[in-house]
Amino acid sequence: MSSADESTYDVIVVGGGSTGENVADTAVKGGLSAVLVESELVGGDCSYWACIPSKALLRGPEVLGEARAVRGAKEAVTGQLDVQETLARRSRFTGDGDDSGQVKWVEGAGIGLVRGRGRLDGERSVVVTLPDGGERRLTARHAVALCTGSSAAVPPIDGLRKVSPWTPREATSAKQVPGRLVIVGGGVVGCEMATAWNALGSTVTVIEMGPRLLSGLEPAAGEAVATSLKDKGVDVRVGTKVTAARREAGEVVVTTDNGEVRGDEVLVAVGRTANTVGIGVEEFGLEAGEYLDVDESMQVRQVPWLYGVGDVNGRRLLTHMGKYQARMAGAAIAARARGEEVSLADWSPYVATADRFATPSVVFTDPQVAGVGRTVADAEEEGLPHRVVEYEIGWTAGAALFADGYQGHAIAVVDTEREVLLGVTLIGPAVGELIHAATVAIVGEVPLARLWHAVPSFPTMSEIWLRLLETYRAG
């Protein structure tokens, strides 16, 4: 390794996606020096292949649907979705793979950047294989943070890899609309991409091995999304197992335990795997390919100077939770560098607490599904004293004004001993913009008696919070 350049920083961050950027930025704001090591595009999956492009694809159809749901506006919509402009708008959001804007931000934040693939090579040491094949050694005074994320899983189904399946990356970056798209997996990605590509003109089939779509959410959510997809012409097959795949005369043929499905492309959306292969974790007794075991400050339990932040630890595979963990980890690293004791108690400024029981998420299907905290099944599994409160969102004046014939449903899980919210799920158009109120209530453990004084503006859909409280009280 004598040919490698030597560079020393307080913190080395391997992985320059949104999580890594936030670790480095928080550490720098805490008075430390930091460098990002990135082998692809600065900004990572969220910026170029996940959250941003997928929501750009979904927004146009959503707007059209909202306009067509209001009489008067509906009559003004005389055209159809412009597919090429929708794809072009998506590409503008991703910069067509140009990360210069993100690089400018990194430089402006006082963070170093090394292009290449990093791997651990000794205590607080990272060797970077540069694009030209050379190597550069980086040394950290205090910490190395692994923010390498996760990759789409491709299950060991006979022939599946040989048909060159789409992963979510291809699904969000495709330049042409496939005539027929087969989606294996009925989770968040599968449902969102079914919604998007169906709206863009594909004939879509969704194959889900489990009994329903969106299996980790409230059953009503999966049922509502399945009904909507079917109404739009999507072939939804639940309780169906894929057993093989092959290419035949240009077609993809997906064999299931209930017959064959043919398409032009097949998207595999069945989960993620940790990006811990080839980065040197084995040297420290960790297992390549597995998620990193971390404490609440994101410190790897077996290696005190090493941190695993974001998807790579498997706690909550969501961009906003990766950024949240990053802020906690960066603050903890800076505090420890100053010789301060870092408390791992709940609500400490150095630990990730919300990713255990107050994680918000939005599924941008039609209808949207927004949830935070525990589901009914979670509360039952944990043995928590609880009561379920439900209300039709369309019964509120705000929802009725938002869309003619608004269909939506609210589910709240209430701790009956402490009388605080444990979880909330909202199903319906535009509910993603309502969920943060529930997030604040759950994180703050606001008593229902106090929430009565958080008066929603009339006539808005936020009136749902008042209706849920009334239903609980009447209970």
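The values are calculated or read from the model by the stated rules, or taken from the named source; none is laboratory data. The structure presented is a predicted model; accordingly, all values stated were derived computationally and were not measured. No Cβ is skipped: glycine too gets one built from the backbone with ideal geometry, and neighbour counts run over all protein chains shown. Areas reflect the complete protein model, heavy atoms only, side chains present, ligands, DNA and RNA absent. Shrake-Rupley method; radii C 1.70, N 1.55, O 1.52, S 1.80 Å.
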Original post:
Going by the structure shown, is residue 116 within 13 Å of residue 11 (Cβ to Cβ), modelled with pLDDT of 95 or more and either aromatic (Phe, Trp, Tyr) or in contact with a Ser or Thr (Cβ under 8 Å, 6 or more places away or on another chain) (or both)?
Top reply: no
Subject >> Qualifying residue in segment 353-372 (condition: among the β-branched types (Val, Ile, Thr), modelled with pLDDT under 95 and over 14 Å from residue 464 (Cα atoms)) >> reply: yes
Original post:
Out of (1) in contact with a strand residue (DSSP E or B) (Cβ under 6 Å, 6 or more places away or on another chain); (2) among the hydrophobic types (A, V, I, L, M, F, W, C); (3) open to solvent by less than 10 Å² (accessible area, probe 1.4 Å), the odd one out for residue 303 is which?
Top reply: (1)
Original post:
Quick one: in segment 362-391, which of the residues that are touching a Phe, Trp or Tyr at 6+ places or on another chain (Cβ under 9 Å) and charged (D, E, K, R) is nearest to residue 428 (Cα to Cα)?
Top reply: 374
Subject >> Considering residues of segment 421-461 that are surrounded by fewer than 18 Cβ atoms within 10 Å (Cβ to Cβ) and of a type in the set (Val, Ile, Thr) only, the residue nearest to residue 66 (Cα to Cα) >> reply: 460
Original post:
Does residue 30 satisfy the criteria of being over 23 Å from residue 363 (Cβ atoms), touching a residue at least 60 places away in the same chain (Cβ under 8 Å) and either surrounded by fewer than 18 Cβ atoms within 10 Å (Cβ to Cβ) or within 22 Å of the chain's Cα centre (by Cα) (or both)?
Top reply: no
**OP:** Please list, ordered by first then second residue, the pairs with beta carbon atoms under 9 Å, 6 or more apart or interchain, first in segment 90-114 and under 28 Å from residue 133 (Cβ atoms), second in a strand (DSSP E or B) and modelled with pLDDT under 95.
**Re:** 112/7; 114/7
**OP:** Could you list all residues from segment 1-38 that are part of a strand (DSSP E or B), among the acidic types (Asp, Glu) and at pLDDT 95 or above?
**Re:** 10, 38
Subject >> segment 60-111, residues that are hydroxyl-bearing (Ser, Thr, Tyr) and closer than 25 Å to residue 198 by Cβ >> reply: 78, 86, 91, 94
Original post:
Of the residues that sit in segment 70-117 and are touching a Gly at 6+ places or on another chain (Cβ under 7 Å) and in a loop (DSSP other than H, G, I, E, B), which one is farthest from residue 140 (Cα to Cα)?
Top reply: 81
Original post:
Within the group 317, 292, which residue is touching a residue at least 24 places away in the same chain (Cβ under 8 Å), open to solvent by 50 Å² or more (accessible area, probe 1.4 Å) and assigned to a loop (DSSP other than H, G, I, E, B)?
Top reply: 317
Subject >> Filter result (within 28 Å of the chain's Cα centre (by Cα), small (Gly, Ala, Ser) and either over 30 Å from residue 179 (Cβ atoms) or not in a loop (DSSP other than H, G, I, E, B) (or both)) within segment 246-289 >> reply: 263, 274, 278, 280, 288, 289
Original post:
Does segment 112-119 include one or more residues that are within 30 Å of residue 306 (Cα to Cα) and of a type in the set (A, V, I, L, M, F, W, C)?
Top reply: yes
Original post:
Do any helices (runs of 4 or more DSSP H) lying entirely in segment 368-475 carry at least 3 residues that are more than 30 Å from the chain's Cα centre (by Cα) and among the acidic types (Asp, Glu), and which ones are they?
Top reply: none
Subject >> Residue within segment 379-399 that is open to solvent by less than 30 Å² (accessible area, probe 1.4 Å), within 30 Å of residue 298 (Cβ to Cβ) and modelled with pLDDT of 95 or more present >> reply: yes
Subject >> Total residues in segment 371-424, condition hydroxyl-bearing (Ser, Thr, Tyr) and touching a helix residue (DSSP H, G or I) at 6+ places or on another chain (Cβ under 7 Å) >> reply: 3
Subject >> In segment 186-201, the residues that are in contact with a helix residue (DSSP H, G or I) (Cβ under 8 Å, 6 or more places away or on another chain), aliphatic (A, V, I, L, M) and open to solvent by 20 Å² or more (accessible area, probe 1.4 Å) >> reply: 189, 199
Original post:
In segment 71-117, what residues are touching a Phe, Trp or Tyr at 6+ places or on another chain (Cβ under 7 Å) and surrounded by 13 or more Cβ atoms within 10 Å (Cβ to Cβ)?
Top reply: 94, 112
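Okay, residues lined up against (1) open to solvent by less than 30 Å² (accessible area, probe 1.4 Å); (2) in contact with a strand residue (DSSP E or B) (Cβ under 6 Å, 6 or more places away or on another chain); (3) touching a residue at least 60 places away in the same chain (Cβ under 8 Å):
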{"position": "35", "(1), (2), (3)": "yes, yes, yes"}
{"position": "38", "(1), (2), (3)": "yes, no, yes"}
{"position": "47", "(1), (2), (3)": "yes, no, no"}
{"position": "52", "(1), (2), (3)": "no, no, no"}
Subject >> segment 204-224, residues that are small (Gly, Ala, Ser) and either more than 12 Å from residue 427 (Cα to Cα) or at pLDDT below 95 (or both) >> reply: 210, 215, 216
**OP:** Return yes or no: is residue 272 farther than 27 Å from residue 375 by Cα and open to solvent by 60 Å² or more (accessible area, probe 1.4 Å)?
**Re:** no
Original post:
Mind checking whether some residue in segment 333-349 is more than 28 Å from residue 467 (Cα to Cα), open to solvent by less than 40 Å² (accessible area, probe 1.4 Å) and not small (Gly, Ala, Ser)?
Top reply: yes
**OP:** Hand me the list of strands (runs of 3 or more DSSP E) wholly inside segment 122-236 holding 2 or more residues that are more than 25 Å from the chain's Cα centre (by Cα) and of a type in the set (Lys, Arg).
**Re:** 135-146
